[in-house]
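Data first, discussion second: the structure below is written as structure tokens.
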Amino acid sequence: MQFTQPWQEVDRKSGHHKTESNLALSAFLLEAVVISLSGVMAPGPITTVTIAKGNESPHAGAWVAIGHGMVEFPLMLFMFYGFGHLLNLPYVKAAISFLGGFFLLVTGVGMFRRSKEVKASPSVYAHSPAVSGILLSLGNAYFFIWWATVGATLISRSVQFGVVGFLIFALAHWSCDFLWDYFLSALSFKGGQFFGRRFQRVVLAICGAIVLFYSAKSILDAVKLVTT
């Protein structure tokens, strides 16, 4: 007959609970990545500007994602400590929508102007990819709404795994942004190399039109929030 010491029984239970916790964390992260990708891959201003910036460098998307992360990581910490409800205040959303719409207006007009140039020179871009990532994130009301709703739910679920679980989730979510934006800019750069300057000008014109659409929508949303 084999006897089990009490400390051995405790170790077995501890190991069992640890395995269950790791499996639960893995399942949560898989779900979080799928949900994050559905938001990241949805067409929007950041996607559009990333493609446009990809005309000048295949690495532009990586820098856009880094700029985006400079806004997103502090925002996730802000929500982790329970201040996410502030993002739902009408005047906060209105201010974000208006400023974002104005920035998109300037960006869209600039893209149209550059699309008419004989040679699309990278030096004429008003903002670097990283700065564009910061400004587009700060001025994107839908980005903040996503975090105040879907993102808040994911963060609240990550808390059950402790600070480490939250940090792993935050890194996993941002990695989705990084990989997708990097892929888009590299694809855009390869297309520009293959099809030439005319292709680049067409891409800029299309991106400019899309950005202007988002600009008008963002400003109209801001007006509705203030007047209703």
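The values are calculated or read from the model by the stated rules, or taken from the named source; none is laboratory data. These numbers were taken from a predicted model, which means no experiment stands behind them. Cβ placement follows ideal geometry from the backbone for every residue including glycine, while neighbour counts extend to all protein chains displayed.
So the values come out like this:
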read-out	value
Qualifying residues in segment 76-85 (those that are not small (G, A, S) and not in a loop (DSSP other than H, G, I, E, B)) - the one surrounded by the fewest Cβ atoms within 10 Å (Cβ to Cβ)	H85
Test result for F169, in contact with a helix residue (DSSP H, G or I) (Cβ under 7 Å, 6 or more places away or on another chain) and closer than 18 Å to G39 by Cβ	yes
Qualifying position, being under 21 Å from the mean Cα position of the chain (by Cα), of a type outside the set (K, R), modelled with pLDDT of 90 or more and over 28 Å from L77 (Cα atoms), among S185, S175	S185
Test for F98: is it surrounded by fewer than 18 Cβ atoms within 10 Å (Cβ to Cβ), out of contact with any Asp or Glu (no Cβ under 6 Å at 6 or more places or on another chain) and in a helix (DSSP H, G or I)	no
Candidates S158, S175 - the one that is within 21 Å of G69 (Cβ to Cβ) and surrounded by fewer than 19 Cβ atoms within 10 Å (Cβ to Cβ)	S175
Any chance Y125 is hydroxyl-bearing (S, T, Y), buried (at least 19 other Cβ atoms within 10 Å of the Cβ) and modelled with pLDDT of 80 or more	no
Residue match in segment 189-201 (condition: surrounded by fewer than 16 Cβ atoms within 10 Å (Cβ to Cβ), over 21 Å from the mean Cα position of the chain (by Cα) and in contact (Cβ under 8 Å) with a residue 40 or more places away in the chain)	yes
Restricting segment 161-172 to residues that are among the aromatic types (F, W, Y) and more than 16 Å from the chain's Cα centre (by Cα), the residue that is surrounded by the fewest Cβ atoms within 10 Å (Cβ to Cβ)	F161
Residue list for segment 34-75, filter: buried (at least 19 other Cβ atoms within 10 Å of the Cβ), in a helix (DSSP H, G or I) and among the small types (G, A, S)	S36, A52, A60, G61, A62, A65, G67, G69
Residue in segment 171-189 that is more than 28 Å from F103 (Cα to Cα) and part of a helix (DSSP H, G or I) present	yes
